[in-house]
Structure formats: structure tokens, C-alpha cells
Amino acid sequence: MIYEGKAITVKALESGIVELNFDLKGESVNKFNRLTLNELRASVDAIKADGSIKGVIVTSGKDVFIVGADITEFVDNFKLSDEELVAGNLEANKIFSDFEDLAVPTVVAINGIALGGGFEMCLAGDYRVMSESAKIGLPEVKLGIYPGFGGTVRLPRVIGTDNAVEWIASGKEKRADDALKVGAVDAVVAPAKLKDAALDLIKRAISGELDYKAKRQPKLEKLKLNAIEQMMCFETAKGFVAGQAGPNYPAPVEAIKTIQKAANFGRDKALEVEATGFVKLAKTSVAESLIGLFLNDQELKKKAKHHDEIARDVKLAAVLGAGIMGGGIAYQSASKGTPILMKDIREEGIQMGLNEASKLLGKRVEKGRMTPAKMAEALNAIRPTMSYGDFGNVDIVVEAVVENPKVKQIVLAEVEAVVREDAILASNTSTISISLLAQALKRPENFVGMHFFNPVHMMPLVEVIRGEKSSEVAVATTVAYAKKMGKNPIVVNDCPGFLVNRVLFPYFGGFSKLLGFGVDFVRIDKVMEKFGWPMGPAYLSDVVGIDTGHHGRDVMAEGFPDRMAVEGKTAVDVMYEADRLGQKNGKGFYAYETDKRGKPKKVTDPQAYELLKSIVVEEREVTDEDIINFMMIPLCLETVRCLEDGIVDTAAEADMGLIYGIGFPPFRGGALRYIDSIGVAEFVALADKYAELGALYHPTAKLREMAAKGQKFFG
């Protein structure tokens, strides 16, 4: 053994060839933490010191190659001074450069996922051979940063600037065939042949058949673009990428600027340019928020794994109530491999559900994400029915009928009588108490809420609601089924509106107050969209449906009368009474026309302004900052209450629920991280400035206590 550590070993194979193997002990994946980097330093030094070595192949002892840097260490590292962070970055890069500069050829065998620092390790090798099933990429921009182990330097010199800009600025994972096409790898083979292919390549390089020094040289030099080519390439790319990324996500454009700044330098000077820009991004609030989201997501996945231990396997599901929602649920289940019965009492409901599933599957075929054969298989996995004939074999039933407690209770009691005693019943309700619905059931322990968001195929969140009598097995099985459907489940406790809608209605409450002061809803939408929301509150109301919002508002007012009950008519009331239901009937706050692609396009409608005059209580001048505070303070305070009331277990789950469920701006990290970014004490003082607006704006006693103690929700 030439070197043996806890993450890396280097051993002799044959004829002067050695294998540098990544296999981090005690972990399911390989990652670049401090231990691994230190051992890579020691491994490279050991190889350099051994004159008998003629070539090196790099392999992994795990199913993945290297998933990237250890994000948990990022958070601490980013607290260092700029100078310390740059120095640490260049020290790490020296290891990769020394590996690249070895006096012998190197071949990297990519057996599985190689992302971020993992792929940067691959780029430091002379040759790369890749398994057909592996994926590679540089996803750092998704964390608000860009590659920091030489990715912005080596990739453009390996695959060309245009390709490198697309890879780095999009952050997408690339399959083996795509990687081979642009020259990111030199060969693609079946998984079983990977090591043999790597050995074959290294032998050819050792024998001189392949000139590894010539292959290595472009990575050490400046980019092969003249001044005109550079200007055309980089300026065009910056303009396009800035338009795609938007003003709140600087990393993709900064990555291009870094490649541009380093274009006329050799490797070592180019790495210094990369390190300086990397540190600048690492210190931004966007990076802090996006890395926080990544860590929150990991926490959620860990919690969901805990449920796997007691969950029952769902082999056959059912949905009650077809239509658009039922069809969406059926599509999601069938397309992810779980057959599903779709029951409705009307033939037209079933047809609508099948049409919805068929339309969604057809779109996947059109985009090349699914073969026609797989589409047929998925459609065949949806079995429409108007009777309970096959329900005796069902493992879970998702009830998706009209949002009316009496109707739901009748349907749930009916289906409970025909399913197995251990079958799980789940209600896709958005506001109705699960404990209330459970009163109609003989086996309430088998009943939970399973709240999907519309449109089902696009929205990643599923709220799994635990009622007073829901068993842990029922909760765990529903979580496992949601994961199987490709969703991100969050377990919440029962209350009106659960987590997401309970938090959303105070936000709409702030919107309602602004309209009462005569503020133009189009202006409000523009301010909140600039703040980072995918759509403003007026447009969101139209998309959700004014009737849905009207019903939900009444449920929330009944549940939390101290702060959510309203006096007099609101904007939602006048729209509802005028039968302006939003996109569903072509008029709400906006009117809707069909664009060239057949999609609804919003236009302002004088009639909406006329209707809103009746609810103005006083004309008040408000700034754009006021608009943000009117809407964000109630939303944030209600999120705090949900955490304090135990509706969610952790701040991470609360924030992820808002990101996944209502499109809270990811670069702001979620409501609780948003409070942290302002400062808890500063946020409390800000809320107090708006105290006259009512209880929605009054901080809780516990939040005031946190402010006094200088505490935060994260870190």
C-alpha cells in the first residue's frame, strides 16, 4: 500500500500503475471535506515521491464518484475573512494542480455522480472515462456561488468556452452521452467495463500511443480566443444569462465574468481570479440563503428516511374524485410507478381526469422525457371506475372531492367500509381540520391529511397532516407514498389551513389592507414580484381562484378570529359577488385573453377598479417599502406562530414548506431566515411600527424574548 487513509487509499496494481481510490469511511457517499482534501494532499505527495510509478487511475469505492464539497463545512468557512478564505481556496487548488502536474499520466474512472468538486477532480486528470449510468456537472450556481476548485478555469479549456458557460451558468447535471459529445470525457462504457477501460487508457498513455502531455497542455494555458472572439462570446453570454437568471441570482453572470477575466492568463493566475470572485459570492446573502435551503432540504430528507422504517409499501393506490385535481394525482402516481384507481360518480368527471393525465403524459413525450411506450404504460396504470369493486386491494386512498366537510365525511365513511382494515385514508383538503373529518370514521388512526398543491405535476410540496388520532404508521406510509410520487413531503400537525394556507392568508390580509387604503393592485403586484415572488397577490388570487380564496378566508377567520376575522366587505368579497372568479372564468382582478400559444394572458380591466372603489376606507400614501412590510410582516409572524404552536417541528421545515408550497423567494431563504437576515430585534421593531394595523402585525411574546436575548432561528 502506497498510502492508506480514512477517505483515500493508493495501491499498486500492475506494471507501475497505481489506483487512487476514494472511499470515505462511515459515509454513504464520497465528498470533499477537510479530511478528504488533507488525504488527497498526502496521496499526491506519496505518488510524487515514488519514482517507480508510471501511471495513475482514480476510482471510487462507492456507488457515486464524489458528490462534491461538504456543504456543512461551507457555512463555517464562509465566516472567515476574505483574505483567509482566498488563501484556503488557493491551498485546496494547489492539491488539484499538483495532481494535474504529476510526471505520469492520469485517468479518472467516473462510476457514478461526480458533481461540483467531484467533477473538478475529474477535470484535473488527463483522461476521463465515464460509466453510461454516471452523471457529471457543476451545480454550484444553485447555491449562489460558482465552482471554486478550478472548474471555471479547466472546463472552458477542455470543452470550449460556449459549452462551459452553458454547463456552469445552468448548473445542470449532464449524462454520459452529452459529456462525450462535447469532449468533457474521452470514453463512455458499460458500468462493468469501467475499470478495464481506465486501465487500457493508462497503458496506452504510458506506452506513448497517447500523448498525455499534449492533452494536458491546453489546461495550463490561456483560452484560445482572440480579443474579438472573447468580446462576442462573453458579452452575448452575459446578456442572455442575466435575462434567464434575473437580478436576484448573481452567481451565473459572475461565473461568466470570472471566465472572461481569466481568459488571458495561464492556469495558476486564472485560479487566483477564480478564488477572488468565489469569495465575493460566498459572502452574499443570496449564497447564505441558498446554502441554508440546501441544508434544510437535507434535514427534510433525513426526517423522511426515519418514516421509511415503519411505512407500509404502497403497491396500489386510489383517488376519489377525478377532474383536474384527481387526474393530476393519478398522473403523478402512475408516472412514478404506482398503479392507481380513479373513482368518480360521474362519467364526465372520469373523462376529465383521464384527459388531464393524458395531456400531462403527452407533454412529457413531446419534450423527449418519456417514450410513447412508457406513456402507454403509465396510462394503463390509471384504472377508471365508478364503483368500489377493486377497493379491497388498495393500500392508500386519496380523497379529492369538493372542499366541503359534510361531503368529505360522507365519502370517507363510505370508502372506509369497502377497504381493508389496514388501508390508509388521506384527505386532499387545503383547509378543513383532519380531526374534524376523522369524526365520521371508525378507524381514525388510519386517517391523515395529504394536501397536494395545484398544479399537482408542478408543485413539489405535499403537506402530510397528522390528526389527533392519526397513527405513526399512517403518517409514515403517506410520507413514503408522497416521496414515491416524486414529491417533498412535510409532516404538519392539524389546525385550520395547516402550515402553508395558514401562513398565506395573513399575507392576503396585508394585501386586503393595502386595497382598503386605495393602493393600486397592479402596483402591489409589481412591487412583490420585484421582491422575488413568482407572481403578485392579485395575480395569485386569480390563479388560485377568487372563490377558493373566499372560502379559505372564511375558514381561517373562523379558526383564528382574533387576527384573521375581518369587518365589512373586502376586495375578495366584491370580486366574488360580481362573479369574477379569476382565470377560471376569465375575469378577476385582471381580465384574461388567450395568447398565441393558447395560454391565458392577463390585462387590466377598468371594471375591476370600479368595483374596488367601494372597499376603500381611506386614501393613504404608501411607499414600496410599506407595501413589502404590509404583506411580509403578517406572513412572517404567522410562520413564527406555526413554529411556536408545534404545527411544524423545525424552522427548516417551516421555511421549506413556504419555498415548495407558495414560491417564497428562494434567494431570501424562507420566512424565518428572512427574519434572521433583518435581525430578530430589528424585525420586532419593524412590526411594532405597523402595530395600528391590527393583531396580524403584533409579535408574539416568545419572539420578543428571542429579540431581547439576541437569538436567531438558524445558527
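Brief remarks on what is shown
- Residue list for the stretch 168-182, restricted to those being over 15 Å from Glu120 (Cα atoms) and either more than 24 Å from the chain's Cα centre (by Cα) or hydrophobic (A, V, I, L, M, F, W, C) (or both): Ala169, Ala176, Asp177, Leu180, Lys181, Val182
- When Leu696, Leu637 are checked against the criterion of being touching a His at 6+ places or on another chain (Cβ under 9 Å), crowded, with 23+ Cβ neighbours inside 10 Å and at pLDDT 95 or above, a single residue qualifies: Leu637.
- Sub-9 Å Cβ pairs linking a first residue in the stretch 430-449 that is within 14 Å of Asn404 (Cα to Cα) and open to solvent by 40 Å² or more (accessible area, probe 1.4 Å) to a second residue that is assigned to a loop (DSSP other than H, G, I, E, B) and of a type outside the set (S, T, N, Q), at least 6 apart or interchain, are Leu436/Gly467; Leu436/Asp494, ordered by first then second residue.
Conditions tested, residue by residue: (1) in contact with a strand residue (DSSP E or B) (Cβ under 8 Å, 6 or more places away or on another chain); (2) touching a residue at least 24 places away in the same chain (Cβ under 8 Å).
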site: Lys602; (1), (2): yes, yes
site: Val616; (1), (2): no, yes
site: Met631; (1), (2): no, yes
site: Leu637; (1), (2): no, yes
site: Ser677; (1), (2): no, yes
site: Val684; (1), (2): no, no
site: Asp688; (1), (2): no, no
site: Leu693; (1), (2): no, yes
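- Ile53 vs. criteria of a type outside the set (S, T, N, Q), in a loop (DSSP other than H, G, I, E, B) and touching a strand residue (DSSP E or B) at 6+ places or on another chain (Cβ under 6 Å): yes
- Screening the candidates Asp82, Asp63 for the property of being open to solvent by 30 Å² or more (accessible area, probe 1.4 Å), in contact (Cβ under 8 Å) with a residue 60 or more places away in the chain and acidic (Asp, Glu) yields one hit, Asp82.
- Flag if Asp655 is crowded, with 18+ Cβ neighbours inside 10 Å, acidic (Asp, Glu) and either within 16 Å of Gly532 (Cα to Cα) or without any contact (Cβ under 8 Å) to a residue 60 or more places away in the chain (or both): yes
- Listed by position, the helices (runs of 4 or more DSSP H) inside the stretch 484-579 whose residues that are open to solvent by less than 10 Å² (accessible area, probe 1.4 Å) number at least 1 are 500-516, 521-531, 537-544, 546-559, 571-577.
- Selection status of Lys374, among the basic types (Lys, Arg) and open to solvent by less than 90 Å² (accessible area, probe 1.4 Å): no
- Some residue of the stretch 403-425 being under 26 Å from Val543 (Cβ atoms), under 26 Å from the mean Cα position of the chain (by Cα) and modelled with pLDDT under 95: no
- The single condition from (1) assigned to a helix (DSSP H, G or I); (2) within 25 Å of Lys62 (Cβ to Cβ) that Ile206 fails is (2).
- Given (1) of a type outside the set (Lys, Arg); (2) touching a Ser or Thr at 6+ places or on another chain (Cβ under 6 Å); (3) surrounded by 21 or more Cβ atoms within 10 Å (Cβ to Cβ), index of the condition Asn21 fails: (3)
- The set of residues from the stretch 554-582 being within 20 Å of Pro405 (Cα to Cα) and touching a helix residue (DSSP H, G or I) at 6+ places or on another chain (Cβ under 6 Å) comprises Met556, Ala557.
- Among the conditions (1) open to solvent by 20 Å² or more (accessible area, probe 1.4 Å); (2) in contact (Cβ under 8 Å) with a residue 24 or more places away in the chain, Ala423 misses just one, which is (1).
- Residue among Gly349, Gly362, Gly328 that alone is open to solvent by 10 Å² or more (accessible area, probe 1.4 Å) and part of a helix (DSSP H, G or I): Gly362
- Residues in the stretch 600-616 that are buried (at least 16 other Cβ atoms within 10 Å of the Cβ), more than 38 Å from the chain's Cα centre (by Cα) and over 14 Å from Leu581 (Cα atoms): Ile615 only.
- Every test in (1) open to solvent by less than 50 Å² (accessible area, probe 1.4 Å); (2) acidic (Asp, Glu); (3) within 21 Å of the chain's Cα centre (by Cα) is passed by Glu274 save one, and that test is (3).
- Search result, residues across the stretch 686-715 that are under 27 Å from Val75 (Cβ atoms) and among the small types (Gly, Ala, Ser): Ala707, Ala708, Gly710, Gly715
- Some residue of the stretch 395-402 being within 18 Å of Gly328 (Cα to Cα) and surrounded by fewer than 18 Cβ atoms within 10 Å (Cβ to Cβ): yes
- Scanning the stretch 365-384 for residues that are in a loop (DSSP other than H, G, I, E, B) and either basic (Lys, Arg) or modelled with pLDDT under 90 (or both) yields Lys367, Gly368, Arg369, Met370, Thr371.
- Residues that are buried (at least 20 other Cβ atoms within 10 Å of the Cβ) and of a type in the set (D, E, K, R) do not occur anywhere in the stretch 471-481.
- Being open to solvent by less than 10 Å² (accessible area, probe 1.4 Å), small (Gly, Ala, Ser) and either assigned to a loop (DSSP other than H, G, I, E, B) or modelled with pLDDT under 95 (or both) is a condition met by at least one residue of the stretch 131-147.
- For the stretch 242-263, the tally of residues that are within 19 Å of Met232 (Cβ to Cβ), open to solvent by 20 Å² or more (accessible area, probe 1.4 Å) and either in contact with a helix residue (DSSP H, G or I) (Cβ under 8 Å, 6 or more places away or on another chain) or of a type in the set (Ser, Thr, Tyr) (or both) stands at 6.
- Residues that are among the hydroxyl-bearing types (Ser, Thr, Tyr) and under 18 Å from the mean Cα position of the chain (by Cα) within the stretch 656-715 comprise Tyr660, Tyr674, listed in sequence order.
- Going through (1) buried (at least 22 other Cβ atoms within 10 Å of the Cβ); (2) within 24 Å of Lys62 (Cα to Cα) one by one, Val153 falls short only on (2).
- Filtered residues of the stretch 89-117 (kept if closer than 21 Å to Lys215 by Cβ, outside any strand (DSSP E or B) and not acidic (Asp, Glu)): Asn93, Ile95, Phe96, Ser97, Phe99, Leu102, Ala103, Val104, Pro105
- Among the residues of the stretch 14-50, those identified as modelled with pLDDT of 95 or more and in a strand (DSSP E or B) are Ile17, Val18, Glu19, Leu20, Asn21, Phe22, Phe32.
- Scanning the stretch 286-322 for residues that are in contact with a Gly (Cβ under 8 Å, 6 or more places away or on another chain) and without any contact (Cβ under 8 Å) to a residue 60 or more places away in the chain yields a total of 0.
- Of all residues in the stretch 297-340 being within 23 Å of the chain's Cα centre (by Cα) and among the charged types (D, E, K, R), the one that is nearest to Glu421 (Cα to Cα): Asp308
The values are calculated or read from the model by the stated rules, or taken from the named source; none is laboratory data. In this text, all values refer to a predicted model and were calculated from it rather than measured experimentally. FYI the Cβ positions are ideal-geometry reconstructions off the backbone, even for glycines, and counts take in every protein chain you see. SASA here: full protein model, heavy atoms, side chains in, ligands and nucleic acids out. Shrake-Rupley method; radii C 1.70, N 1.55, O 1.52, S 1.80 Å.
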